[in-house]
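The values are calculated or read from the model by the stated rules, or taken from the named source; none is laboratory data. Here the structure is a predicted model, which means the values were calculated and not measured. Counting neighbours? That spans all protein chains shown, and the Cβs are built from the backbone with ideal geometry, glycine included.
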(Lines give C-alpha, C1' and ligand atoms only; values in the text may rest on other atoms or scores of the structure.)
Protein backbone atom coordinates (compact mmCIF):
# COMPACT_ATOMS: atom_id res chain seq x y z
CA UNK A 1 0.00 0.00 0.00
CA UNK A 2 1.22 3.47 -0.82
CA UNK A 3 1.50 5.94 2.05
CA UNK A 4 -0.48 8.91 0.76
CA UNK A 5 0.05 11.23 3.70
CA UNK A 6 2.62 13.29 1.79
CA UNK A 7 0.73 13.44 -1.51
CA UNK A 8 -1.25 16.65 -0.81
CA UNK A 9 2.07 18.44 -0.36
CA UNK A 10 3.31 16.92 -3.61
CA UNK A 11 0.17 18.11 -5.40
CA UNK A 12 0.77 21.61 -4.04
CA UNK A 13 4.36 21.68 -5.30
CA UNK A 14 3.37 20.31 -8.69
CA UNK A 15 0.58 22.87 -8.99
CA UNK A 16 3.06 25.64 -8.22
CA UNK A 17 5.41 24.26 -10.88
CA UNK A 18 2.53 24.26 -13.36
CA UNK A 19 1.73 27.89 -12.56
CA UNK A 20 5.37 28.88 -13.11
CA UNK A 21 5.35 27.04 -16.42
CA UNK A 22 2.06 28.69 -17.40
CA UNK A 23 3.55 32.09 -16.61
CA UNK A 24 6.47 31.31 -18.93
CA UNK A 25 4.03 30.25 -21.66
CA UNK A 26 2.28 33.62 -21.42
CA UNK A 27 5.35 35.85 -20.95
CA UNK A 28 8.13 33.94 -22.69
CA UNK A 29 10.34 36.30 -24.66
CA UNK A 30 10.76 33.89 -27.57
CA UNK A 31 8.71 31.17 -29.20
CA UNK A 32 11.32 28.63 -28.07
CA UNK A 33 10.83 29.59 -24.43
CA UNK A 34 7.08 29.24 -24.81
CA UNK A 35 7.52 25.89 -26.51
CA UNK A 36 9.72 24.51 -23.73
CA UNK A 37 7.30 25.81 -21.10
CA UNK A 38 4.41 24.12 -22.93
CA UNK A 39 6.31 20.84 -22.95
CA UNK A 40 6.99 21.19 -19.23
CA UNK A 41 3.34 22.02 -18.55
CA UNK A 42 2.14 18.90 -20.33
CA UNK A 43 4.60 16.76 -18.41
CA UNK A 44 3.52 18.35 -15.13
CA UNK A 45 -0.14 17.78 -15.99
CA UNK A 46 0.54 14.13 -16.75
CA UNK A 47 2.29 13.72 -13.40
CA UNK A 48 -0.54 15.48 -11.60
CA UNK A 49 -3.11 13.16 -13.20
CA UNK A 50 -1.09 10.12 -12.10
CA UNK A 51 -0.81 11.41 -8.53
CA UNK A 52 -4.51 12.20 -8.39
CA UNK A 53 -5.21 8.65 -9.57
CA UNK A 54 -3.28 7.36 -6.56
CA UNK A 55 -4.90 9.77 -4.10
CA UNK A 56 -8.48 9.08 -5.20
CA UNK A 57 -7.87 5.43 -6.13
CA UNK A 58 -9.19 5.91 -9.66
CA UNK A 59 -7.55 3.62 -12.18
CA UNK A 60 -9.16 5.36 -15.16
CA UNK A 61 -7.13 8.51 -14.40
CA UNK A 62 -3.99 6.56 -15.29
CA UNK A 63 -5.52 5.81 -18.69
CA UNK A 64 -6.35 9.48 -19.13
CA UNK A 65 -2.77 10.42 -18.18
CA UNK A 66 -1.32 7.99 -20.73
CA UNK A 67 -3.59 9.23 -23.52
CA UNK A 68 -2.83 12.83 -22.59
CA UNK A 69 0.90 12.13 -22.66
CA UNK A 70 0.67 10.54 -26.10
CA UNK A 71 -1.40 13.38 -27.52
CA UNK A 72 0.89 16.00 -26.04
CA UNK A 73 3.91 14.20 -27.50
CA UNK A 74 2.36 14.31 -30.96
CA UNK A 75 1.45 17.97 -30.51
CA UNK A 76 4.96 18.87 -29.33
CA UNK A 77 6.47 17.17 -32.39
CA UNK A 78 4.09 19.11 -34.66
CA UNK A 79 4.89 22.41 -32.96
CA UNK A 80 8.63 21.73 -33.16
CA UNK A 81 8.39 21.06 -36.87
CA UNK A 82 6.34 24.21 -37.35
CA UNK A 83 8.89 26.32 -35.46
CA UNK A 84 11.69 24.90 -37.60
CA UNK A 85 9.73 25.70 -40.74
CA UNK A 86 9.36 22.11 -41.87
CA UNK A 87 5.61 21.70 -41.55
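Overview of values
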{"item": "Failed item in (1) under 29 Å from residue 82 (Cα atoms); (2) touching a helix residue (DSSP H, G or I) at 6+ places or on another chain (Cβ under 6 Å), with residue 27 passing the rest", "result": "(2)"}
{"item": "Options 17, 53, 78; residue that is buried (at least 17 other Cβ atoms within 10 Å of the Cβ) and part of a helix (DSSP H, G or I)", "result": "53"}
{"item": "Test for residue 38: is it out of contact with any helix residue (DSSP H, G or I) (no Cβ under 9 Å at 6 or more places or on another chain) and not in a loop (DSSP other than H, G, I, E, B)", "result": "no"}
{"item": "Filter pass, residue 33 being touching a helix residue (DSSP H, G or I) at 6+ places or on another chain (Cβ under 8 Å), in a helix (DSSP H, G or I), surrounded by fewer than 16 Cβ atoms within 10 Å (Cβ to Cβ) and modelled with pLDDT of 90 or more", "result": "yes"}
{"item": "One residue from 10, 64 being more than 19 Å from residue 83 (Cα to Cα), in contact with a helix residue (DSSP H, G or I) (Cβ under 9 Å, 6 or more places away or on another chain), in contact (Cβ under 8 Å) with a residue 40 or more places away in the chain and surrounded by 11 or more Cβ atoms within 10 Å (Cβ to Cβ)", "result": "10"}
{"item": "Residues of the stretch 41-51 classified as closer than 20 Å to residue 80 by Cβ and in contact with a helix residue (DSSP H, G or I) (Cβ under 6 Å, 6 or more places away or on another chain), total", "result": "4"}
{"item": "Scan of the stretch 20-30 for residues that are assigned to a loop (DSSP other than H, G, I, E, B) and exposed (fewer than 10 other Cβ atoms within 10 Å of the Cβ), ordered by number", "result": "29, 30"}
